[in-house]
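Input: a single structure, listed below in structure tokens.
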Amino acid sequence: MTSVSASRRASLRHTADSGDLRHSEGLHLRVKDVDVESRQLIVRDGKGAKDRVTVLPESVIADVLAQKEMVRRLHDVDRADGFGSVWLPYAFNVFGINSVKSTGFWDS
């Protein structure tokens with residue numbers, strides 16, 4: 001497990017350095033904030049509580065896609081074991097019964 005954590009830290013550091021992100025901005029990135037097709041990172045609530053768009057460097061795309069795939073596989077294992085869902089307010093059930101187990105932005 002240590003090697004995975006070290007690998008993730010190195011990948012985050014490389015993404016943050018290459019994408020001109022502050023450390024806290026890199027830690028707060030979400031899947032939906034990474035647009036591989038447009039080569040953009042959306043930084044939310046950055047310095048001055050402002051959102052901004054920065055470049056997703058070509059050199060980190062393979063790492064980002066590998067991390068995304070690793071998390072997807074882990075989520076699939078959790079779902080197969082009966083975990084991996086979240087509580088959603090009643091109103092969200094209009095999106096369908098599988099909303100609580102959906103990977104959301106990963107489903108594409």
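For A66 paired with A80, estimate the spin-label separation in nm (one decimal), with each label point 7 Å from Cα along the Cα-to-Cβ line.
So the two model labels end up 2.2 nm from each other.
Along Cα→Cβ, 7 Å out, is where each label goes; now give me the distance between the ones at R73 and D45 in nm to one decimal.
3.2
Every number in this text was worked out from the coordinates using simple rules, so none of it is lab data. Model, not experiment: these values are computed from the prediction. No Cβ is skipped: glycine too gets one built from the backbone with ideal geometry, and neighbour counts run over all protein chains shown.
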